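The values are calculated or read from the model by the stated rules, or taken from the named source; none is laboratory data. Values in this document were obtained by computation on a predicted structure and should not be read as measured data. Cβ: placed from backbone, ideal geometry, glycine included. Neighbour counts: every protein chain shown.
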Amino acid sequence: MQIRTLIVDDEPLARDRIREMLKTEGGIEIIGEARNGQEAIDSISAQEPDLVFLDVQMPDHDGFEVLQNLKVKRMPVIIFVTAYDQHAMRAFDVHAIDYLTKPFDRKRFADALDRAPPAAPCAVLVDRVDRVLAARRHVAALPAEQSPERDAVEEDEMDQQPVRRCCCGRRTRRRGAPTRGCRAAAHPSS
């Protein structure tokens, strides 16, 4: 799977340089470019990139305001790109994975890009978690007579781990697993 990448910079030459450097990298798909903060917010919201090269100082909104104004389900990975090093500490406060100071060379660019996680595992994990949570909400909404298993899963008060009940009613970590001393003659998982 390709890393879907958005380039955000108000300077055309800076966008051109990033685009040219990305073309030599494998596994990258450039899905668009934005010239100012508002275009960045709109593009990120509409296209949901995996990775964003984000300039700090731009018209409309600076890079930090762009991040504050995003209303997305999944925040993209951010690499800040700017001519000023004074914003570096703040960039890492908002969890940017790198901070490129212009002008940068190919090696420094490649080092920053290497810090970007592959897109596929993150997307797959988010999708799986969403499906599990949706299923749990669905089961919790069912009346007890339609979902006998609903009461078998509860949260342990101490460590918030799922706790299940054995067929004999004792607590166990695995559904259907017999507990020590289970009195059932023929346990369902045996």
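Tabulated results
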{"quantity": "Filtered residue count, region 107-127, keeping only those that are closer than 18 Å to residue 96 by Cα and either at pLDDT 90 or above or in a helix (DSSP H, G or I) (or both)", "calculated": "9"}
{"quantity": "Residues of region 1-22 that turn out to be of a type outside the set (A, V, I, L, M) and under 24 Å from the mean Cα position of the chain (by Cα), as a count", "calculated": "5"}
{"quantity": "Test: residue 26 is at pLDDT 95 or above and of a type in the set (Gly, Ala, Ser)", "calculated": "no"}
{"quantity": "Complete set of residues in region 55-106 that are under 17 Å from the mean Cα position of the chain (by Cα) and surrounded by 19 or more Cβ atoms within 10 Å (Cβ to Cβ)", "calculated": "67, 76, 77, 78, 79, 96, 98"}
{"quantity": "Hits in region 14-49 - residues which are assigned to a loop (DSSP other than H, G, I, E, B) and among the small types (Gly, Ala, Ser)", "calculated": "26, 27"}
{"quantity": "Selection count, region 50-71, where residues are assigned to a loop (DSSP other than H, G, I, E, B) and over 13 Å from residue 87 (Cα atoms)", "calculated": "7"}
{"quantity": "Cross-chain or 6+ apart pairs with Cβ under 9 Å, region 92-104 first and closer than 20 Å to residue 19 by Cβ and at pLDDT 80 or above, then in a loop (DSSP other than H, G, I, E, B) and among the acidic types (Asp, Glu)", "calculated": "102/11"}
{"quantity": "Matching residues in region 74-93 - criterion: being in contact with a helix residue (DSSP H, G or I) (Cβ under 7 Å, 6 or more places away or on another chain) and in a helix (DSSP H, G or I)", "calculated": "90"}
{"quantity": "Odd one out for residue 72, checked against (1) within 17 Å of residue 2 (Cα to Cα); (2) modelled with pLDDT of 85 or more; (3) aliphatic (A, V, I, L, M)", "calculated": "(1)"}
{"quantity": "Odd one out for residue 2, checked against (1) closer than 24 Å to residue 111 by Cβ; (2) surrounded by 15 or more Cβ atoms within 10 Å (Cβ to Cβ); (3) touching an Asp or Glu at 6+ places or on another chain (Cβ under 9 Å)", "calculated": "(2)"}
{"quantity": "Subset of region 48-60 [closer than 16 Å to residue 112 by Cβ and either aliphatic (A, V, I, L, M) or in contact (Cβ under 8 Å) with a residue 60 or more places away in the chain (or both)]", "calculated": "50, 51, 52, 54, 56"}
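Rundown of residues vs (1) aromatic (Phe, Trp, Tyr); (2) over 22 Å from residue 111 (Cβ atoms); (3) touching a residue at least 40 places away in the same chain (Cβ under 8 Å); (4) crowded, with 18+ Cβ neighbours inside 10 Å, yes/no style:
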{"site": "14", "(1), (2), (3), (4)": "no, no, yes, yes"}
{"site": "20", "(1), (2), (3), (4)": "no, no, no, no"}
{"site": "27", "(1), (2), (3), (4)": "no, no, yes, no"}
{"site": "39", "(1), (2), (3), (4)": "no, yes, no, yes"}
{"site": "46", "(1), (2), (3), (4)": "no, yes, no, no"}
